[in-house]
Amino acid sequence: MALRELVKYPDPGLQEPCEPVQEFDEELHRLADDMVDTMRAEAGIGLAAPQVGVGVRLTVIDLSGGTDPAALVRLVNPKVELEEGEIREEEGCLSFPEVILTVPRPARVVVSGQSLEGKPVSIEAEGLMARCLHHEIDHLDGVLFIDRVSPLKRDMTRRRIAKRIRGGDW
Ligand SMILES: [Zn+2]
């Protein structure tokens, strides 16, 4: 088990598009394993590679919080092929400790991507899984959940975070 350090907002690496994965090698598997360990240690349900400081298109998701091995998804080079509907719900992000925002996301998505072995995969999802996939793929495009709320809410959240950073509470 190897944990990686979480990258927090406003690190610039969180706000840049990631590079596609081209080599499905040992290093990729190790990164995915470390990301799963880190996600579980932080009690998260999703984590994207830039959140551990690696700018590649890899994400891990586990809605079961580690209780169901079959629930673990490791997705390379994911892309939203189709999105339908819109639901506004509260969500958090491991790069924004204790920040909860109500974010509009598609109700249903179809996502294409690859396995860690480079095999093509397609995932159809709704509800929390659709929200989570959309949130993590946003990360790979350098888009954060504060970018998806109103400018007023965004400014308010940024100010709160700046205050917490100044107070050493971030
Ligand atoms: Zn996030």
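Just so you know, all these numbers are worked out from the coordinates, no wet-lab data involved. Since this is a predicted model, take the numbers as computed values, not measurements. Virtual Cβ from ideal backbone geometry, glycine too; neighbours counted across all protein chains shown.
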Pairwise FRET efficiency - residue 88 versus residue 124, Cβ, R0 = 22 Å, nearest 0.05: 0.55
Between region 98-170 and region 4-40, the alpha-carbon center distance in angstrom: 15 Å
Cross-link reach list, lysines versus residue 153, counting only Cα pairs under 24 Å and skipping chain neighbours closer than eight places: 8, 163
Set of lysines with alpha-carbon distance to residue 79 below 20 Å, sequence-local pairs under 8 removed: 119
Selection from 32, 144, 134, by position along the positive dipole direction of the chain (Cβ): 144
Fluctuation leader among 156, 129, 39 - the chain, Gaussian network, Cα springs under 10 angstrom: 156
Residue 46 long-range amide H proximity, modeled H, under 5 Å: 62
Spacing of the two label points (7 Å from each Cα toward its C-beta) at residue 33 and residue 3, in nm: 1.8 nm
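Mean Kyte-Doolittle hydropathy of -1.0 or higher plus an axial Cα length of 18 Å or more: which whole DSSP H helices in the chain meet both?
Working: long enough: 26-41 (22 Å, -0.70); 127-140 (20 Å, 0.04); 151-166 (22 Å, -1.51).
Both cut-offs are met by 26-41, 127-140.
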Taking 59, 157, 38 and counting other C-beta atoms within 10 Å, the order from fewest to most: 157, 38, 59
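Which ordering of 89, 98 is given by a fewest-first count of other beta-carbon atoms within 10 Å? Walk me through the numbers on the way to the answer.
Values: 89 12, 98 8.
Ascending number of Cβ neighbours within 10 Å: 98, 89.
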Gyration tensor verdict on region 71-170 (Cα atoms; rounded if a/c is under 1.5, prolate if a/b is larger than b/c, oblate otherwise): prolate
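Over the Cα atoms of region 1-158, what is the Rg over Rh ratio if Rh follows Kirkwood?
Values: Rg = 14.7 Å, Rh = 15.7 Å.
Here Rg/Rh amounts to 0.94.
Fewest to most neighbouring Cβ within 10 Å: what's the order for 145, 24, 96? List each step's numbers first, then the result.
Working: 145 24, 24 15, 96 20.
Ordered by Cβ neighbours within 10 Å, fewest first: 24, 96, 145.
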